[in-house]
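The values are calculated or read from the model by the stated rules, or taken from the named source; none is laboratory data. Keep in mind that this is a model prediction, so the values were computed, not measured. All Cβ positions, glycine included, derive from the backbone under ideal geometry; neighbour counts span all protein chains shown. Keep in mind that these areas ignore ligands, DNA and RNA; they rest on the heavy atoms of the full protein, side chains included. Shrake-Rupley method; radii C 1.70, N 1.55, O 1.52, S 1.80 Å.
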2 protein chains.
Amino acid sequence: MKMSSLFMPTLREVPAEAVVVSHRLLLRAGMIRKLSNGLFTYLPLGLKSFRKVENIVRDEMNAVGALEFKPSVVVPGDIWRESGRWETMGPGMLRIKNRVDQELVVSPTAEEAFVALLRSEISSYKQLPLSVYQINTKYRDEIRPRYGLMRAREFTMKDAYSFHTDDKSLDDTYQDMGKAYRRIFRRVGLSVIPVRADSGAMGGTGSEEFMVESEVGDNNLILCPKCGYAANDEKAACAPDPTTEGPGSAKTDSPYAAIETPKVRTIDELCAFLHTSPRAFIKTLIYKAVNVELDLAGLPGCASLERKKPENSPAYYPVAFFAVCIRGDLDVNEVKLAANLKASEVELASDADVERLTGAPVGFAGPVGFASAPVLADDSVMAMHDSVTGALKADLHFEHVEPGRDFSPWMTADVRTVVAGDRCANCGAEYYSKKGNELGHIFKLGYKYTKSMGMFYLDENGKQQMPTMGCYGIGVDRTLASIIEEHNDEDGIVWPMSVAPFHAVVVPIKYEGAMKDAADKLYSELAAAGIEVLLDDRAERPGVKFKDMDLIGIPVRIVVGDKNLPNVEVKLRKAGDAVLVPLSEAAASVAKTVREELSALSGEN
Amino acid sequence: MKMSSLFMPTLREVPAEAVVVSHRLLLRAGMIRKLSNGLFTYLPLGLKSFRKVENIVRDEMNAVGALEFKPSVVVPGDIWRESGRWETMGPGMLRIKNRVDQELVVSPTAEEAFVALLRSEISSYKQLPLSVYQINTKYRDEIRPRYGLMRAREFTMKDAYSFHTDDKSLDDTYQDMGKAYRRIFRRVGLSVIPVRADSGAMGGTGSEEFMVESEVGDNNLILCPKCGYAANDEKAACAPDPTTEGPGSAKTDSPYAAIETPKVRTIDELCAFLHTSPRAFIKTLIYKAVNVELDLAGLPGCASLERKKPENSPAYYPVAFFAVCIRGDLDVNEVKLAANLKASEVELASDADVERLTGAPVGFAGPVGFASAPVLADDSVMAMHDSVTGALKADLHFEHVEPGRDFSPWMTADVRTVVAGDRCANCGAEYYSKKGNELGHIFKLGYKYTKSMGMFYLDENGKQQMPTMGCYGIGVDRTLASIIEEHNDEDGIVWPMSVAPFHAVVVPIKYEGAMKDAADKLYSELAAAGIEVLLDDRAERPGVKFKDMDLIGIPVRIVVGDKNLPNVEVKLRKAGDAVLVPLSEAAASVAKTVREELSALSGEN
């Protein structure tokens, strides 16, 4: 393509709101423009790279036997009511009433649409397993869209769904998808960190997230430098680290005893006052949990809780309170806590609730003698000795408390926030942490949707069964932005060959005379060799052309100048050293370079 | 691809609501399924044909130098307020308020989105002309979605927009687009009727619609068998046909005179009573027009009309009334009438308004002495003589009325409904008519959007100017459905090669032994030759396989049976005679047939 027939409005300045490098460079290179908050238009150059990412994703989905469908983007609300997500998706799901008062949704994801379709089509085990996907427009009404394509409201997602007769089959497809995702990210030139993840609002039992490192990432990743363990901090575990010396390290035979702690407010003050350490203090927090799917009958403080009938709701208890104990130097991870309580959400109880339940002002909660709510102890607590706790009275603590002897929690679980410096659960090495953005996610959904939406098939014995499901997503726009985040320098984008809008650009110093002839020849030869080539035929100064081509990041630049003819200057965007090549050999040489780069990315050599 | 890894749920029965053949066959062939009223999912086979249509459209857009963009599907309401269409688009436009109370629209079309984008990017005449397009999801909230893909709510449209410094440049692009459209329809195997069309709610001055004949078409097409004139009846003109004999044919010297017509209610009764013909009767209808953009100052009955200030609204008069006269045997075409009145809509006035304005019961309106509203006369009226009109009093008519002598209309115009049997405006031959559906539409929009939304560039002299615009749409889904409407028989779809989901299918009578070996060999050879080939490896009876392959309409079928080996049987879906071909030559022969069909459609030979 010739530059004169391309629309590529490059910019020197970008809006202040563009704080991440991919957003800045996509704007500067004339690849996208903002239409409204979180709504973007791809310009021709940006669309070329977008389509390349899209096609690599499509290619790898086809390679694992997934079949492409195209559901509508706008879908009826009733299928969301069937699955129960009309209620749980919250205000991020864009809901509409149309002219005939039908409830509609601009799809944020498509479990419902595919189950609604396939429950009418799948009748026999012979039709399973089946993997389906789409690459289509999605909308999530982000309350703070920002970082350009990294967190837009409208975006394109590849979402795949698989249906199986048994767990083994689901696991096979799940593994295939995991491998396909690794190939996709390698082919687009991205370094991703596959991490085990909490499966969050999607529900389900097994999942893996594909993360890229990002300063502005939404996720805290916990990483082991030795064995490669990687997890979202919402799911990370760590090796036990019992206190081995100093206060709290040794079992005591003294009975627990009350001690007056007047005007002591913080853990630090308490530790100073009692000459102990936070590692010897049992912190007790009162949590309010919502939609708790556990049977709490007979537990302390639960007799008067409102309990919904199971047939009316997946939640047994709309609201329940819990006392959560953890070692004084650690923090509770609320996602892990909610998962253990099978609650849709947890939050610290209000001061009034704390006072009502503990019978004391805030700051004196403790597990000893506590009977107003079930007590959950983090694993760290059960390894403590001779510890200090609140005594459920103002200005009073207990010391010499022995967990197990002086109180027995209803549940012990891993609810601590794992941080850099904690020890790897696998190998014991010291974790480090990074911020990351999620590009892809694979899940084992199980029966969540096939059960709620009534999808059945007949097995070998003619018996009705529900299929088990997996789902597999990749954000196309976010992947594109992440490629730029990883591949750029001070001059602009440095596209990997596989996703560059053009493989090569021919830049005549002036598009006239012998230089024009040579540039035209090279352009035709490259095009004939199947190379996607741009010809910068603009009447601009060479410096402007070079700057623009560096900015838009075309991998190979061929400069045609009369000083060098009959040689031309070939320079790789990512490397830097220009080499002179005879014009007659340039097309073949560039074509070879392009092919080598492409096959290196696709792992073919 | 092998049938065993395709998902193609063919049906014997379809829902009763599927009344048109394309809807029935798309469902039966397992190409689409309905998710909700007017919302469809493409299944893998349907998507293959859809993408082929899409790519032919894309190819021809690129060939005329249009650049592909990808705006968001959900767009902000404020750009629709700027253009004024927030008000005029009506309830068919899907409007949403999101969580932060922002007004959003699921795009029904994209003039606003592209003008909003490009007004910030285009600053100089040097950047013009510019043609841009997208192929993207659209939504129109059809009140009665039906006929499957023919009239869905969500659909995919290719919409292109062009921007120009002058009319000549706009006309050049308009002509190029017209040619591209003709190529697109030829390549997908469709017979279209290009017709001049009323430009309707889009506004603008020149337009052409590309129609396909359809029993359930929305449009009445007026066609000349001799010269090829074709027009939507909303815009069709016809040759004048003055009455040359009998009543009303000769000028009268008698002055007009009142005649009592008691208990005469219909035109037929009146003609019998007066021994005259409907061709001698001037029918006078009172119309109410909305948003009239004409200056009516000083006209009869207009002094008291509410008149909006031009700067507040494009409409000078929110409501105005007109008396419309036409020859008694003809009907008023309200679209033509509205165009002449520059009104957004016209409708017959209520009985109360008729009585108020004519001073008589309904049925006695007439132009003679009428002074309560401006009088518009159809061209037919001015060629009448010695005619009869209502006399603005109950049970009274005038006879011997001479138009021009006894009344002078404010405006004369062509507002008649042209019908089959009228004479061609070009050549005088007798028109016939057909019902049609619109697949594509090209418009000269002029300054409508660049003016309302403030888009400017600097011309050669540094003076600020507005660009003039064109817009060009094609419905991709509707085109796909129309191809099936044109190409089917009692057994199913008969795909043109260019849009078939597969070019050829290999059907082994049984997929085992020598037949399996031969089928596999053929399948590999065809695939290696670049032919999109399906292998029916199912364990079904041959009859079931043949029926399915006829239903899904694959152009070339190759049957591998042990009776014929080492020959195979090649049969074209559209023709019918099977021929035996040696297995060793079959792939080359089929590949040749496929290539010939493809190049015949693309007009390359």
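Within segment A:136-170, the residues that satisfy the criterion of being over 18 Å from the mean Cα position of the chain (by Cα) and of a type in the set (S, T, N, Q) are A:ASN136, A:THR137, A:SER162, A:THR165, A:SER169.
Looking at segment A:356-363, can you tell me whether even one residue there is among the aliphatic types (A, V, I, L, M) and farther than 25 Å from A:GLY404 by Cα?
Looking only at segment A:356-363, we keep the residues that are among the aliphatic types (A, V, I, L, M), and these are A:357, A:360, A:362.
Applying the additional criterion that residues be farther than 25 Å from A:GLY404 by Cα yields none.
No, segment A:356-363 contains no residue that is among the aliphatic types (A, V, I, L, M) and farther than 25 Å from A:GLY404 by Cα.
For A:PRO15, the criteria (1) open to solvent by 40 Å² or more (accessible area, probe 1.4 Å); (2) closer than 16 Å to A:THR479 by Cα hold in every case but one, which is (2). Assigned by TED's automatic domain parsing to the domain that holds B:LYS463, hydrophobic (A, V, I, L, M, F, W, C) and farther than 30 Å from B:ILE483 by Cα: is that true of B:LEU130 in this structure? It is true that B:LEU130 is assigned by TED's automatic domain parsing to the domain that holds B:LYS463, hydrophobic (A, V, I, L, M, F, W, C) and farther than 30 Å from B:ILE483 by Cα. Can you tell me which residue is farthest from A:ILE135 (Cα to Cα) among those in segment A:79-100 that are outside any helix (DSSP H, G or I) and away from chain B (no Cβ under 11 Å)? So, considering only residues that are outside any helix (DSSP H, G or I) and away from chain B (no Cβ under 11 Å), the one farthest from A:ILE135 (Cα to Cα) is A:GLY84. Can you tell me how many residues within segment B:113-132 are at the interface with chain A (Cβ under 10 Å from one of its Cβ atoms) and surrounded by 18 or more Cβ atoms within 10 Å (Cβ to Cβ)? The qualifying residues number 9.
Does segment A:489-505 include one or more residues that are within 30 Å of A:LEU11 (Cα to Cα), in a helix (DSSP H, G or I), modelled with pLDDT of 95 or more and open to solvent by 10 Å² or more (accessible area, probe 1.4 Å)?
Just the residues of segment A:489-505 that are within 30 Å of A:LEU11 (Cα to Cα), to begin with: A:489-505.
So of that shortlist, the ones also in a helix (DSSP H, G or I) come out as A:497-499.
Add one more test, that the residue is modelled with pLDDT of 95 or more, and what stays is A:497-499.
Going one step further and asking which of them are open to solvent by 10 Å² or more (accessible area, probe 1.4 Å), we end up with A:498.
Checked segment A:489-505: at least one residue is within 30 Å of A:LEU11 (Cα to Cα), in a helix (DSSP H, G or I), modelled with pLDDT of 95 or more and open to solvent by 10 Å² or more (accessible area, probe 1.4 Å).
Contact map, segment A:215-235: residues that are touching a residue at least 60 places away in the same chain (Cβ under 8 Å) paired with residues that are of a type in the set (Phe, Trp, Tyr) and in a loop (DSSP other than H, G, I, E, B), Cβ distance under 9 Å, separation 6+ or inter-chain. Pairs shown: A:VAL216/A:TYR147; A:ILE222/A:TYR229; A:ILE222/A:TYR431; A:LEU223/A:TYR229; A:LEU223/A:TYR431; A:CYS224/A:TYR431; A:PRO225/A:TYR431; A:TYR229/A:TYR431. Scanning segment A:101-112 for residues that are at pLDDT 95 or above and part of a loop (DSSP other than H, G, I, E, B) yields A:SER107, A:PRO108, A:THR109, A:ALA110.
Does B:LEU149 satisfy the condition of being buried (at least 22 other Cβ atoms within 10 Å of the Cβ), of a type outside the set (Gly, Ala, Ser) and within 9 Å of chain A (Cβ to nearest Cβ)?
Numbers: buried (at least 22 other Cβ atoms within 10 Å of the Cβ): yes; of a type outside the set (Gly, Ala, Ser): yes; within 9 Å of chain A (Cβ to nearest Cβ): no.
Answer is no for this residue.
All conditions but one from (1) at pLDDT below 95; (2) open to solvent by less than 10 Å² (accessible area, probe 1.4 Å); (3) not hydrophobic (A, V, I, L, M, F, W, C) apply to A:SER49; the one that does not is (1). In this structure, B:VAL74 qualifies as at the interface with chain A (Cβ under 8 Å from one of its Cβ atoms) and touching a strand residue (DSSP E or B) at 6+ places or on another chain (Cβ under 9 Å). Listed by first and then second residue, the pairs with beta-carbon distance under 7 Å, at least 6 apart or on different chains, first residue in segment A:560-574 and closer than 18 Å to A:ARG541 by Cα, second of a type in the set (D, E, K, R) and assigned to a loop (DSSP other than H, G, I, E, B), form an empty list.
I'd like to know if segment B:118-125 contains one or more residues that are aliphatic (A, V, I, L, M), under 21 Å from A:LYS138 (Cβ atoms) and in contact (Cβ under 8 Å) with a residue 12 or more places away in the chain.
Looking through segment B:118-125, none of the residues is aliphatic (A, V, I, L, M), under 21 Å from A:LYS138 (Cβ atoms) and in contact (Cβ under 8 Å) with a residue 12 or more places away in the chain.
Among the residues of segment B:186-201, the one identified as at pLDDT 95 or above and crowded, with 23+ Cβ neighbours inside 10 Å is B:VAL188. Answer yes or no: is there a residue in segment B:77-86 that is assigned by TED's automatic domain parsing to the domain that holds B:MET469, open to solvent by less than 30 Å² (accessible area, probe 1.4 Å), out of contact with any Phe, Trp or Tyr (no Cβ under 6 Å at 6 or more places or on another chain) and at pLDDT 95 or above. Scanning segment B:77-86 turns up no residue that is assigned by TED's automatic domain parsing to the domain that holds B:MET469, open to solvent by less than 30 Å² (accessible area, probe 1.4 Å), out of contact with any Phe, Trp or Tyr (no Cβ under 6 Å at 6 or more places or on another chain) and at pLDDT 95 or above. For A:THR266, the conditions (1) out of contact with any Pro (no Cβ under 9 Å at 6 or more places or on another chain); (2) open to solvent by less than 30 Å² (accessible area, probe 1.4 Å); (3) of a type in the set (Ser, Thr, Tyr) all hold with the exception of (2). Of everything in segment B:1-24 that is among the charged types (D, E, K, R) and in contact with a strand residue (DSSP E or B) (Cβ under 8 Å, 6 or more places away or on another chain), the residue that is nearest to the other protein chains (Cβ to nearest Cβ) is B:LYS2.
Could you go through segment B:127-137 and let me know if any residue there is touching an Asp or Glu at 6+ places or on another chain (Cβ under 7 Å) and not polar (S, T, N, Q).
Going residue by residue through segment B:127-137, those that are touching an Asp or Glu at 6+ places or on another chain (Cβ under 7 Å) are B:133-135, B:137.
Narrowing the set further to residues that are not polar (S, T, N, Q) leaves B:133, B:135.
Checked segment B:127-137: at least one residue is touching an Asp or Glu at 6+ places or on another chain (Cβ under 7 Å) and not polar (S, T, N, Q).
Which of the residues spanning segment B:50-86 are acidic (Asp, Glu) and within 23 Å of the chain's Cα centre (by Cα)? Can you show your working first?
At the first step, the residues of segment B:50-86 found to be acidic (Asp, Glu) are B:54, B:59-60, B:68, B:78, B:82.
Scanning segment B:50-86 gives B:GLU54, B:ASP59, B:GLU60.
Scanning segment B:223-245 for residues that are modelled with pLDDT under 90 and of a type in the set (A, V, I, L, M) gives B:ALA230, B:ALA231, B:ALA236, B:ALA237, B:ALA239.
Hey, among the residues in segment A:101-112 that are closer than 25 Å to B:PRO44 by Cβ and of a type in the set (S, T, N, Q), which one's nearest to the other protein chains (Cβ to nearest Cβ)? If you could, list the steps in order and put the result at the bottom.
Step one: list which residues in segment A:101-112 are closer than 25 Å to B:PRO44 by Cβ, which gives A:105-112.
The next check asks that each one be of a type in the set (S, T, N, Q); those that pass are A:107, A:109.
Numbers: A:SER107: 11, A:THR109: 15 Å.
Once the filter is applied, the top-ranked residue is A:SER107.
The set of residues from segment A:551-575 being open to solvent by less than 30 Å² (accessible area, probe 1.4 Å), out of contact with any Pro (no Cβ under 6 Å at 6 or more places or on another chain) and either among the hydroxyl-bearing types (Ser, Thr, Tyr) or under 28 Å from A:LEU43 (Cβ atoms) (or both) comprises A:LEU551, A:ILE552, A:GLY553, A:ILE554, A:PRO555, A:VAL556, A:ARG557, A:ILE558, A:VAL559, A:VAL570.
So, of the residues in segment B:429-483 that are farther than 30 Å from B:GLY228 by Cα and of a type in the set (Phe, Trp, Tyr), which turns out to be surrounded by the most Cβ atoms within 10 Å (Cβ to Cβ)? Please lay out each step first, then the result.
Taking segment B:429-483 and keeping what is farther than 30 Å from B:GLY228 by Cα, we get B:447-468.
When the remaining residues are screened for being of a type in the set (Phe, Trp, Tyr), the result is B:447, B:449, B:456-457.
Numbers: B:TYR447: 15, B:TYR449: 30, B:PHE456: 14, B:TYR457: 21.
Checking each candidate, the answer is B:TYR449.
Of the residues in segment A:25-40, at least one is more than 14 Å from every other protein chain (Cβ to nearest Cβ) and surrounded by 19 or more Cβ atoms within 10 Å (Cβ to Cβ).
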